[in-house]
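**Q** Please see the structure below; I have some questions.
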Amino acid sequence: MPNVRIKFGTSGWRGVIADEFTFDRVRVVTQAIADHLAAQGLKEKGVIVGYDTRFLSERFAAEAVTVLAANGIRSFLSPRDVPTPVISYEIIRRKAAGGINFTASHNPPEYNGLKFSPGWGGPALPETTRDVESRANALLEKNTPIAVMPIHEAREKGLVEDADLRKSYLDDLKKKVDLEPVRKAKLKIAVDLLYGTGREYLDAVLRDAGCAVTVLHAQRDAFFGGRSPEPSEENLAELSAVVKKGKFDVGLAVDGDADRFGIIDADGAYINPNQALALLLDYLCRSRGWKGGAARSIATTHLIDAVAKKNGIEVYETGVGFKYIGDLLVQGKIIFGGEESAGLTVKDHVPEKDGIIACLLAAEMAAREKRTFKELLKRLYKDVGMILNHRINIRFTDENRAAIEARLGQPLSELGGLRVKGKKATSDGTKYMLEDDSWVLMRPSGTEPVVRVYVESGSEAKMKELVEAGRKFILGQ
């Protein structure tokens, strides 16, 4: 076992399988969660346990329930890989103490992860993860033996129950999306499941709504075709080609654990998540008449702000990590929450990213509006002004980590020929507000050896210029 402390990032604890992420350390973290629940007086409420399609995910989940059982905690174990938002829904439906999900979401295939969600259903807030981290690292330092109960014994004692999580979630989902316009439009939709957990969820609902559905990559592949299961423009190139060639109305995708979405327009064009979020917020305000707040992370487009102003609603800016948006949803402060990394949730839904509902709402919008996404964007820009954005990832190694971290801490007075008129320095990086209302955010990823550079501007040329300026600054060029 490597001499590395357990550290929860923006969405759980992740590591490379057989290096940082091992069965021994999974047992330790599960014991820490059990101790956390015991301290909260929640042991009797049970825990939902699920997993994605990654290598050994089901084995890690089975190992976790043996630790929970040894602590007298009942597990509701999914018999198949399951989307992250479905686990969130089931925690709330069963009034469970929480959920343990083995997933590394969109990370490369060599990673796995453990995500803990407490009883309110969203990703654990920092005070919770700090407590679990502290307990886990204390167990590691003392080399404390972790008790387990063989799974067959746990089943005999009623401490493990197989739980089909699919039906109740889908039944609820169909109440939250208006599928009637989709049914009437008889949409032709291509769906890319990226070898993940979304199969028989997104595609099933669309088929039930009368769509002609063509599915890509529905089979399990723990290597995700040799790349990260992220619904990025690059990874959805095949879906784009299928949509264009087959004259589909829309292409939809979810990531490995189905908490992120991807959208392809009828001409094969990729609609970036920031654009999709703004379109969906505007559509929901108009079609549902919803009033309330909208939440976005510090890294997410200010096009959300423009749409919110148009519809007379308040905007909340949060740190990076959907847990903060989920918390606002539970408090009843928002009707909509989105992150530029393709995360979305809405009023009366789970306080967690849900790529499935995002895709279904996009299909509903396309059917009801009878316009392409590009046409809808053109109309929105006419209403609120042009706001364009882009993100790049700059990978680093242990050798250049220190130099890059030092550069991230350096003050900047100008960038891309524009004066810095203000900045926000947070644990999520530094956001530079520029004199023409463009902005640049630079932040290290919480889960990968990557620096992310986010850029937003009112013109394509200036956006490209700022992207290059950000790249050169990070690389010291």
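The values are calculated or read from the model by the stated rules, or taken from the named source; none is laboratory data. Every value quoted in this text rests on a predicted model; they were computed, and no experiment measured them. Here Cβ is always computed from backbone atoms with ideal geometry, including for glycine, and neighbour counts include all displayed protein chains. These area figures cover heavy atoms from the full protein model, side chains too; ligands, DNA and RNA do not enter into them. Shrake-Rupley method; radii C 1.70, N 1.55, O 1.52, S 1.80 Å.
**Q** What is the percent carbon and sulfur in the accessible area of the stretch 44-99, measuring with a 1.4 Å probe over the protein chains and ignoring ligands? Each step should come with its number before you reach the end.
**A** Values: 810 of 1600 Å².
Here it works out to 50 percent.
**Q** Given R₀ = 30 Å, what would the calculated FRET efficiency be for ALA204 paired with GLU460, taking r from the Cβ atoms and rounding to 0.05?
**A** Rounded to the nearest 0.05, the efficiency is 0.15.
**Q** Give me the orientation-averaged projected area of the Cα convex hull of the stretch 261-419, in nm², one decimal. Show your work: numbers first, answer last.
**A** Numbers: hull surface 45.9 nm².
With every direction weighted equally, the projected area is 11.5 nm².
**Q** So if I take the centroid of the Cα atoms in the stretch 184-237 and the same for the stretch 20-57, what is the distance between those two points in Å?
**A** A separation of 29 Å, based on Cα centres.
**Q** Taking +1 at the Cβ of each Lys and Arg and -1 at the Cβ of each Asp and Glu, which of PRO444, HIS302, ALA136 sits farthest along the dipole of the chain towards its positive end, judged by Cα position relative to the Cα centre?
**A** The one lying farthest along the dipole's positive direction is HIS302.
**Q** Compactness ratio of the stretch 375-477: Cα Rg over 2.2 N^0.38 Å, N = residue count? Walk me through the numbers on the way to the answer.
**A** Values: Rg = 14.5 Å, N = 103, 2.2 N^0.38 = 12.8 Å.
Computed over Cα atoms of the stretch 375-477, the ratio equals 1.14.
**Q** Here is a follow-up. Quick one: which of 280-291, 348-359 comes out on top by average Cβ neighbours within 10 Å, and what's the full order, highest first? Let's see the in-between values first.
**A** Values: 280-291: 17.6, 348-359: 26.3.
Highest-to-lowest ranking by the protection proxy: 348-359, 280-291.
**Q** Further question on the same structure: Run the simple label-point estimate for GLN477 and LYS245 please: 7 Å along Cα→C-beta, distance reported in nm.
**A** So the label points at GLN477 and LYS245 sit 3.4 nm apart.
**Q** Translational D (Stokes-Einstein, µm²/s) of the chain at 25 °C and 0.890 mPa s when Rh comes from the Kirkwood sum over C-alpha pairs?
**A** It diffuses with D of about 107 µm²/s by this estimate.
**Q** Quickly estimate the mean residue ellipticity at 222 nm for the chain, helices only: each DSSP H run with n ≥ 4 gives -39500 (n - 2.57), and the total goes over all residues, rounded to 500.
**A** On the way: 16 runs with 186 residues, N = 477.
Only helices count here, giving -12000 deg cm²/dmol.
**Q** Along the Cα→Cβ direction, 7 angstrom out, place labels at LYS347 and ASP162. What is the inter-label distance in nm?
**A** It works out to 4.1 nm between the two label points.
**Q** Continuing with the same structure: Using a 1.4 angstrom probe on heavy atoms only, work out the carbon and sulfur share of the accessible area of the stretch 112-198 in %.
**A** Working: 2000 of 4030 Å².
Carbon with sulfur: 50 percent of the solvent-accessible area.
**Q** Give the residue from TYR454, CYS359, GLY470 lying farthest towards the positive end of the charge dipole for the chain; charges sit on Cβ (+1 for Lys and Arg, -1 for Asp and Glu) and the dipole is referred to the Cα centre.
**A** CYS359
**Q** Accessible area per residue, 1.4 Å probe, Å², for the chain: what's the number?
**A** Values: 18700 Å² over 477 residues.
Per-residue value: 39 Å².
**Q** Then there's this: Need the full-extension length gain, SER427 to GLU127, defined as separation in residues times 0.36 nm minus the C-alpha distance. One decimal, nm. If you can, show how the numbers build up before the last one.
**A** On the way: separation 300, 0.36 × 300 = 108.00 nm, distance 1.51 nm.
Additional length available on full extension: 106.5 nm.
**Q** Further question on the same structure: Using the Kirkwood radius over C-alpha pairs as Rh, can you work out the diffusion coefficient of the stretch 29-174 via Stokes-Einstein at 20 °C, viscosity 1.002 mPa s, in µm² per second? Provide the component values of the computation, followed by the final result.
**A** On the way: Rh = 15.3 Å.
Rounded to a whole number, D works out at 140 µm²/s.
**Q** With respect to the cross-link table entries LYS186/LYS310; LYS423/LYS472; LYS167/LYS378, which display a Cα-Cα separation exceeding 29 Å?
**A** Working: LYS186/LYS310 31 Å; LYS423/LYS472 19 Å; LYS167/LYS378 38 Å.
LYS186/LYS310; LYS167/LYS378, as the Cα separations exceed 29 Å there.
**Q** May I pose another question? In a Debye calculation with equal point scatterers on the alpha-carbon sites of the stretch 271-325 and no solvent, what is log10 I(q)/I(0) at q = 0.13, 0.25 Å⁻¹?
**A** The computed values of log10 I(q)/I(0) come out as -0.28, -1.01.
**Q** Which percentage, to the nearest 5, of the DSSP beta bridges contained in the chain is antiparallel? It would help to have the intermediate numbers written out before the result.
**A** Numbers: 46 of 76 bridges.
Here the share of antiparallel DSSP bridges comes out near 60 percent.
**Q** Continuing with this model, one more query. With Cβ to Cβ distances under 12 Å as the rule, what net charge do the other residues near PHE396 carry (K, R +1; D, E -1)?
**A** On the way: positive: ARG395, ARG401, ARG407, ARG452; negative: ASP398, GLU399, GLU405, GLU448.
Neighbour charge sum, excluding PHE396 itself: 0.
**Q** Right, next: Looking at the calculated P(r) for the stretch 156-242, what percent of the C-alpha pair distances fall above 18 Å? Before the final figure, lay out each step's value.
**A** Working: 2099 of 3741 pairs.
Result for the distance tail: 56 percent.
**Q** Just the number, please: carbon plus sulfur as a percent of the accessible area of the stretch 212-355, 1.4 Å probe, no ligands or DNA/RNA counted.
**A** 48
**Q** Taking a threshold of 28 Å on the Cα-Cα distance, which of the pairs LYS353/LYS424; LYS95/LYS188; LYS370/LYS464; LYS184/LYS347 fall above it? Could the numbers behind the result be given before it?
**A** On the way: LYS353/LYS424 25 Å; LYS95/LYS188 38 Å; LYS370/LYS464 32 Å; LYS184/LYS347 25 Å.
Listed pairs above 28 Å: LYS95/LYS188; LYS370/LYS464.
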